[in-house]
1. Looking at (1) modelled with pLDDT under 80; (2) within 14 Å of chain B (Cβ to nearest Cβ), which one does residue A:279 not meet, given that it meets all the others?
2. List the number of the failed condition for residue A:126; all other conditions in (1) touching an Asp or Glu at 6+ places or on another chain (Cβ under 9 Å); (2) not in a loop (DSSP other than H, G, I, E, B) hold.
3. Assess whether residue A:135 counts as being more than 40 Å from the chain's Cα centre (by Cα) and surrounded by fewer than 19 Cβ atoms within 10 Å (Cβ to Cβ).
4. Mind counting the residues in the range B:85-107 that are at the interface with chain A (Cβ under 7 Å from one of its Cβ atoms) and in a loop (DSSP other than H, G, I, E, B)?
5. Would you say residue A:717 is at pLDDT 80 or above and not polar (S, T, N, Q)?
6. Report yes if residue A:810 is among the charged types (D, E, K, R), surrounded by fewer than 17 Cβ atoms within 10 Å (Cβ to Cβ) and either modelled with pLDDT under 75 or within 25 Å of residue A:600 (Cβ to Cβ) (or both), otherwise no.
7. With A:674, A:678, A:663 as the choices, which residue is assigned to a loop (DSSP other than H, G, I, E, B), touching a strand residue (DSSP E or B) at 6+ places or on another chain (Cβ under 6 Å) and modelled with pLDDT of 85 or more?
8. Out of the range A:15-39, which residues are buried (at least 23 other Cβ atoms within 10 Å of the Cβ), at the interface with chain B (Cβ under 9 Å from one of its Cβ atoms) and farther than 17 Å from residue A:283 by Cα?
Amino acid sequence: MSALTRTRRRGGGVPARRAVMRWGWRLFRREWHQQLLVLGLLAVAVAATVWGACVVTNTQLPSATYARFGTASAMATLPGSDPALTADVAAIADRWGPADVIETQRITPAVQLRAERPRGHYDAPLLALVDGSYPAGAGQVALTAQVASRYGVQVGGTWQPAAGSSWRVSGIVANPSNLADQFALVAPGQIARPSQVSVLLGPAAAQAASGGTLPGVQAAAVSFPDGFAGGISPAVGVLLAEGLGLAFIGLLAVASFSVMAQRRIRALAMLSAIGATERQLRLVLVANGLVTGAAGAAVGTALGLAAWFGYAPALQRDTGHVVNPAHLPWWAPATAAILAIAMSALAARHPAKSMARVPVVAALSGRPAPARAKHRSIVPASIVFAIGLALLALSDGLNAVDGGGGSNGTKHALLLLAGLIATITGICLLAPLAISVLAAGASHRLPAAIRIALRDLVRYRARSGAALAATTFAVFLGMSICIAASVKFDDPLDWTGPNLASNQLIVPTQTSPGPGQIEQLSGTQLAALSGAVNGLAASLHARSAVPLETASTLYQAGAQPHGPQNFTGTVFVATPRLLATYGIKASQIAPGTDVLTMRPGLAALPRMELIWDSGCTGRCAGSPVMPGTSGGPPCTLSNQCLPDPVIATIASLPGGTSAPNTLVTQNAVRKYHLQPQLSAWLIQAPAPLTAAQLSTVRQFGRSYGVSVQTRTGNPSLGDFAAGATALGLLIALSVLAMSVGLIRSETAPDLRTLTATGASRGTRRMITAATAAALGLLGAVLGLAGAVLAGMAWTRSGPSATAGGVPLLDIVTLLAGLPLIAAAGGWLLAGREPEAISRQPLQ
Amino acid sequence: MTMLELRRVSKVYGQGPAQVHAMREVDLAVEPGTMVAVMGPSGSGKSTLLTIAGSLEEPSAGQVLVGGQDLAALSRNDKARLRRRSIGFVFQDFNLLPGLTAAENVALPLELDGVSARKAHQAGLRELDALGLADRAAHFPDQLSGGERQRVAIARAVVGGRQLLLADEPSGALDSANGDVVLRMIRTACAQGVAAVVVTHDAQLASWADRVVFIRDGRVIDQTVPAPGPESLLGQHR
């Protein structure tokens, strides 16, 4: 033994830590299924973060104009009519090169012929070879996949877009930054009469440009790309969201690890009896937390990456640019995993400390340490809650969410965040105090099982209070999302919701060659499209294609120039045909009405203005040059602006954000001499469009180079509320499942006594069911009340205006469904005969 | 040197009307190589005596010395070290750690004391071999019989050259044959210099002791040297 003695260390050192960790790991392997909830939540949180970080990183291009500028700092555009075109291009390249020259000529409404040198200085994001080779000389062309498909040609085949023109297809190309970009690439110099020449240039040209042109080349119009999106990566936002999620999972993990610690209490006591220090006892549970966190992180990372690789092709379709699945923000998954492991280890610390302090003798007998209830005053909790409400009230409502812009927007967002944190903290501190209410409810008239359950909740309030706080938080979370969604959906200016009904589609009269680019179709193209649209309507069994005209827009003076508070959507003209489509008769419109809308509340908004002839009748409302806007001329008829137009609400208009939900009347058009312009056609099929019909519609759009709008996946208020309610319910039930088990395990000796005195399985079931139901009901009431109060502070309005829009079903689901489901779960899972002996052998 | 010495040790649980005197001014001395059996009715304070002697609980009054060291002067960590190096516990319900093999259970006190895993494992195997359990070393507790588990617990209690063995009803969950085996092992440990205190209800097993201490209502009421055979104890202090 002397050899052993010599090697012994005072604190046990590494061998002791290794032994303890080994035991922790073995216990995890044996009992991992008892920690499935925490493992699952951690895995979901990490998976969602990994997937989310990958998606947000790959969704956006470096800038909005990336698909046109590539990495260039400026673009000089010269019209094909420039008499000195060749000399000007040469001069520009000579003075401000290196330059990439792109000559274009539209040969069909949808296809552009483009002469460009591949692998230029700035065009790597704009041109990529998919198959075959780039065109090398005269008679060769490379097509995008859509063009090749439309003309039914392959690499090596012959492309004949028009009579007399014929090219051999050398390859398939694409614009990686805009996959909707349809073009035919030819070698430089192969377009005899380009309609336009673009020259991509470096920073020198950007610095030299003045007055929108380049010195010495008057024909060149210079434009610049949008600033690159700098600052904080969007993945950081995803990680912050994960942090918040993990904070809540941490609460659940604390409860779960407490249950585990209670189950292992005798083993831990034995470890202490054979000489383990408190530190080593703590390490057992912290090791379990670490292993749980690592397992959750590993599973979550694998799931997240698998989901990402599976979703990347769909994201590429949705975003319209090339998405490289291997382009991952690797630091984000790594940080997500580390956060999950750290949170899990932190969550294990509290039960570890509690367990290490339990007297060994009590622990050896298997008696759980009774949690000591601390007396808490209601005052600090109320103050924190009140501060939270005050901060929410100062956060300027929806502007804080939508980021109203500028430093004010940041300030309001920070106020909102601080307000939410303080409110949630206040609720979590206040909720445990409400446990006393249960004592008052435990009247002697109640059945014994319910009475026992309620009194046990009060007796063991250290645990039941924490459970109630977590349940309240879960309900608060779900209901807050419902309220925020209903407030957002109720905003008549910033109209939110699905864009169209599933039987509607809109064919615009503009093409969109690239992001942010709108080109009006020429007269000829428009005539061709008009005829085709009617054919499309007939093929969809629609009565006809209804022309949609625009002539004006709405604006609320005094609102932020670019803020979300102002009018979103398009004001179409209330043509007789459009009105007839929705069964609105002229007699329904009161004389003198200027605007018709289905948006509830729009008619009552103050300082509304109808603006026309500003060259901006759509979403650009708020341009500083518009009358009635900040810095613009006053809103008068002479400035093409009508203050306080007469707005009437007509519920039969469609509600989609892209549908004609707001119309300017023919009366106003005539009275103010508005000049309607055709902007789209609305086709309303008798039934929701089938997948085959949608495919036909998309094919139609590609043929004419227009983006046909059909119903997108934008959620409705009902979708939002149902999702939020389900989230709150799921979290609350998870909390209840764990905490009720913990509370009932604390009262196990009483249950044994009860059984010994003749209590049936039904009584035991009733006790557990009543425990779960009481916590669920109290949590639902407190969470709902807290959410409504927070909503009232946030919107600075009354309860009906705040929560009136929330679907009643969701409120009932939380208020009644939560306690009922909890009770049913408690009833089903309880009832097992308690252990007959007071002490269970360890092994 | 006396291995275990209790000097006027008292233990009171609770306060006011709920106060319970579990031990009242108990004196006890156990020499190395001696086996002392503690007998008494339920609630007499036998187990309290054991837990106080093993530093798992603190006495309300009096002094406890283990190997000459006053437990009152030791910190919690020092007491833990004392348990690792000098005191071994054996409980009625075995208390082996799930998830660890028999050899790992035995080696654990050494590992907790900083002995390398390899050396601790070898020491554990030696102890198991001495108790005839070498072939069960790699088995987990739930793969062992009750008797085997208790023998593993004894091996764990004496591994590393510990000199004080405290056993609380070590044969309480075993049949008589296995109970005899366990007591014989404790006796063997005592023959090698270990001081043992064994709490038992069983006069047959107490007859293995060098001395039997009778305790009632927290007081030592008698001490005797058992004559050969259990009959000598059966009539006493029932």
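1. Going through the list (1) modelled with pLDDT under 80; (2) within 14 Å of chain B (Cβ to nearest Cβ), residue A:279 breaks only (1).
2. So residue A:126 meets the others, but not (2).
3. no
4. Residues meeting the conditions: 8.
5. The answer is no for residue A:717.
6. Here the answer is no, as residue A:810 does not meet what is asked.
7. Criteria check complete, one pass: A:674.
8. Those that are buried (at least 23 other Cβ atoms within 10 Å of the Cβ), at the interface with chain B (Cβ under 9 Å from one of its Cβ atoms) and farther than 17 Å from residue A:283 by Cα: none in the range A:15-39.
The values are calculated or read from the model by the stated rules, or taken from the named source; none is laboratory data. It should be emphasised that the depicted structure is a prediction, and the values quoted were computed from it without experimental measurement. Don't worry about glycine lacking a Cβ; one is built from the backbone with ideal geometry, like all the others, and counts go over all protein chains shown.
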